[in-house]
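Student: Have a look at this one before I ask anything.
The values are calculated or read from the model by the stated rules, or taken from the named source; none is laboratory data. Please read all numbers here as calculations on a predicted model, not as lab measurements. No Cβ is skipped: glycine too gets one built from the backbone with ideal geometry, and neighbour counts run over all protein chains shown. Side chains are part of the model used for accessible areas, which takes the heavy atoms of the whole protein and leaves out ligands, DNA and RNA. Shrake-Rupley method; radii C 1.70, N 1.55, O 1.52, S 1.80 Å.
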Amino acid sequence: RRQLPARRKDGSEFTIDLGLSKVEGGNGQVFFCGCARDLSFNDTEERRLSEMEDLTLGRLLESSLDPIFLINDHGIIRLVNQAAVGQFGWSKEEFLNQNISMIIGGR
């Protein structure tokens, strides 16, 4: 993540927070996905938008028919959706703070 200056069509400048993620396609293609957030909003507006993003992400996560896990860099499960619960049989509480190896690659 980086804070960078940005310019609107009308020429006005503002600061953005830019996050980039590398995405590799199945055929070896590499793409980058970027998310730019306008930092000129006041703290209240920024908090409100963040809460809306969290709600939207939560709805998206739970509406997926495919199991989705959010794991940290140590393989610890931090978030799991209902489809994963149904597919693997453990409750959300049983998944959380466990290593992803509980379902893949052995223990």
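Student: Can you tell me the relative contact order of region 50-107? Whole percent, Cα pairs under 8 Å, sequence separation 6 or more.
Tutor: 27
Student: Now, a different point. Calculate how steeply helix 43-63 sits against the longest principal axis of the alpha-carbon atoms of the chain, using the helix alpha-carbon long axis, and give the answer as 0 to 90 degrees to the nearest 10.
Tutor: 30
Student: Go through Val23, Met52, Gln87 and say which Cα lies farthest out towards the positive end of the charge dipole of the chain; charges sit on Cβ, +1 for Lys and Arg, -1 for Asp and Glu.
Tutor: Checked the options; the winner is Val23.
Student: Oh, and also: Looking at the chain as a GNM with Cα springs under 10 Å, which of Ser64, Ser21, Ser40 has the largest mean-square fluctuation?
Tutor: It is Ser21.
Student: Quick one: grab the alpha carbon gyration tensor of region 54-102, order the square roots of its eigenvalues as a ≥ b ≥ c, and give me rounded if a/c is under 1.5, else prolate or oblate depending on whether a/b is larger than b/c.
Tutor: Oblate, because a/c is 1.5 or more while a/b does not exceed b/c.
Student: Figure the gain on full extension for Phe14 and Leu96 (residue separation times 0.36 nm, minus the Cα-Cα span) and round it to one decimal in nm.
Tutor: My answer for the length gained is 25.6 nm.
Student: Sticking with this structure for a sec: Please state the relative contact order of the chain as a whole percent: Cα pairs under 8 Å, 6+ residues apart?
Tutor: 14
Student: Give me the 1.4 Å probe accessible area per residue for the chain, excluding ligands and nucleic acids, in Å².
Tutor: Solvent-accessible surface per residue comes out at 78 Å².
Student: Size of the dipole of region 1-105 about the Cα centre, Lys and Arg at +1 and Asp and Glu at -1 on the beta carbon, nothing else charged, in debye to 20?
Tutor: 300
Student: Amide H of Asn81 versus every other amide H placed in the peptide plane: which residues, excluding those fewer than 5 positions away on the same chain, fall under 5 Å?
Tutor: Hits under the 5 Å cutoff: Ile68.
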